[in-house]
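A.B. asks: First the structure, then my questions, so here it is.
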Amino acid sequence: MTHPLLAPAVMLAAPGLGRRPARLCGVEETDAIVVLSHTERPIPADQVLALYRTAQWWPERTPEQVSAVLRDSPAVAAWHGRELVGFARAVTDGVLRAYVEDVLVEPSRRGSGIGQAVLERLIQELAEIPVVTLFCSPDLVRYYEASSFVATSQVVMHRSGRW
Ligand SMILES: CC(C)(COP(=O)(O)OP(=O)(O)OC[C@H]1O[C@@H](n2cnc3c(N)ncnc32)[C@H](O)[C@@H]1OP(=O)(O)O)[C@@H](O)C(=O)NCCC(=O)NCCS
């Protein structure tokens, strides 16, 4: 598995740039999928961990860590009934910068607009932040460009990676 933090491109998005319309947006429902922020509908940490497991992501993360992250920073979920089928979150100072993390869709539901919907909903949550950044693998550059992220020539550097 290639983790998204490996060989990343750096992508930036500025609010208001021309984005194509999402097939799912905000609290709109399509095929019983609802996209809501953690504030609107709390996201249980154990369901986030279960979703991570579908992609073999972050086996070292604990429910306590994920609960703390959800409490302190923006997160968005796509729900099919009680099932968490999509997720995205951000790390932000709340004023100047935000970093999108953990954009993930349950494997059997990919390709139906859920990923784009959670990303666009998260960007709405970050509407006051002038620069939103994410790291992704090169094969996802075009995917994020569709949501107005622009690849930069900057290099992403990590210290003490545990992925
Ligand atoms: C990447 C991911 C979140 C996309 O979610 P998704 O729900 O499958 O994507 P969507 O259905 O919203 O895709 C919307 C559009 O992007 C396109 N797209 C999806 N994945 C793409 C990719 N890897 N590269 C280019 N385009 C892609 C779709 O074809 C679709 O295009 P269309 O509207 O012209 O048909 C999902 O595939 C996933 O969870 N992948 C594993 C985790 C991951 O890599 N996350 C990203 C971390 S940076």
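Matching residues to (1) closer than 23 Å to residue 124 by Cβ; (2) away from the ligand (no atom under 16 Å from the Cβ); (3) crowded, with 17+ Cβ neighbours inside 10 Å:
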{"position": "47", "(1), (2), (3)": "yes, no, yes"}
{"position": "62", "(1), (2), (3)": "no, yes, no"}
{"position": "68", "(1), (2), (3)": "no, yes, no"}
{"position": "76", "(1), (2), (3)": "yes, no, yes"}
{"position": "79", "(1), (2), (3)": "yes, no, yes"}
{"position": "88", "(1), (2), (3)": "yes, no, yes"}
{"position": "91", "(1), (2), (3)": "yes, no, no"}
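A.B. asks: Which ones in the range 110-134 are surrounded by fewer than 19 Cβ atoms within 10 Å (Cβ to Cβ) and near the ligand (Cβ under 7 Å from one of its atoms)? Before you say what the answer is, go through the steps one by one.
C.D. replies: Taking the range 110-134 and keeping what is surrounded by fewer than 19 Cβ atoms within 10 Å (Cβ to Cβ), we get 110-112, 124, 127-128, 130-131.
Within the range 110-134, 110, 111, 112 meet the criteria.
A.B. asks: Quick check on residue 111: is it without any contact (Cβ under 8 Å) to a residue 24 or more places away in the chain and at positive phi? Working first, answer last.
C.D. replies: Details: without any contact (Cβ under 8 Å) to a residue 24 or more places away in the chain: yes; at positive phi: yes.
So residue 111 passes the test.
A.B. asks: Give me the pairs, please: first residue somewhere in the range 140-159 and within 9 Å of residue 11 (Cα to Cα), second residue anywhere and within 9 Å of the ligand (Cβ to nearest atom) and at pLDDT 95 or above, beta-carbon distance under 7 Å, and either six or more positions apart or on two chains.
C.D. replies: What qualifies is 144/134; 144/136; 149/134; 151/141.
A.B. asks: Hand me the list of helices (runs of 4 or more DSSP H) wholly inside the range 59-163 holding 2 or more residues that are among the acidic types (Asp, Glu) and farther than 22 Å from residue 46 by Cβ. Let's see the steps before the verdict.
C.D. replies: Working: elements: 63-72, 114-125, 141-145.
Hits in the range 59-163: 114-125.
A.B. asks: Can you pull out the residues in the range 135-163 that are among the acidic types (Asp, Glu) and either more than 8 Å from the ligand (Cβ to nearest atom) or crowded, with 19+ Cβ neighbours inside 10 Å (or both)? Before you say what the answer is, go through the steps one by one.
C.D. replies: Within the range 135-163, the subset among the acidic types (Asp, Glu) is 139, 145.
The one that is among the acidic types (Asp, Glu) and either more than 8 Å from the ligand (Cβ to nearest atom) or crowded, with 19+ Cβ neighbours inside 10 Å (or both): 145.
A.B. asks: For the range 37-58, give me the residue count where each residue is out of contact with any strand residue (DSSP E or B) (no Cβ under 9 Å at 6 or more places or on another chain) and part of a helix (DSSP H, G or I).
C.D. replies: The number of residues fulfilling the criteria is 4.
A.B. asks: It is to be established whether one or more residues within the range 89-96 are within 29 Å of residue 156 (Cα to Cα) and free of Cβ contacts under 8 Å to residues at least 12 places away in the same chain. Talk me through it step by step, then tell me what you get.
C.D. replies: Initially, the range 89-96 is screened for residues within 29 Å of residue 156 (Cα to Cα), giving 89-96.
With free of Cβ contacts under 8 Å to residues at least 12 places away in the same chain added as a condition, the list becomes 93.
Scanning the range 89-96, I find at least one residue that is within 29 Å of residue 156 (Cα to Cα) and free of Cβ contacts under 8 Å to residues at least 12 places away in the same chain, so the answer is yes.
A.B. asks: When residues of the range 93-109 are filtered for being of a type outside the set (D, E, K, R) and within 10 Å of the ligand (Cβ to nearest atom), how many remain? Full working, then the answer.
C.D. replies: The initial filter retains those residues of the range 93-109 that are of a type outside the set (D, E, K, R), namely 94-96, 98-100, 103-105, 107-108.
Checking which are within 10 Å of the ligand (Cβ to nearest atom) leaves us with 100, 103-105, 107.
Of the residues in the range 93-109, 5 are of a type outside the set (D, E, K, R) and within 10 Å of the ligand (Cβ to nearest atom).
The values are calculated or read from the model by the stated rules, or taken from the named source; none is laboratory data. Here the structure is a predicted model, which means the values were calculated and not measured. Because the Cβ atoms are built from the backbone with ideal geometry, glycine has one as well, and the counts that use them run over all protein chains shown.
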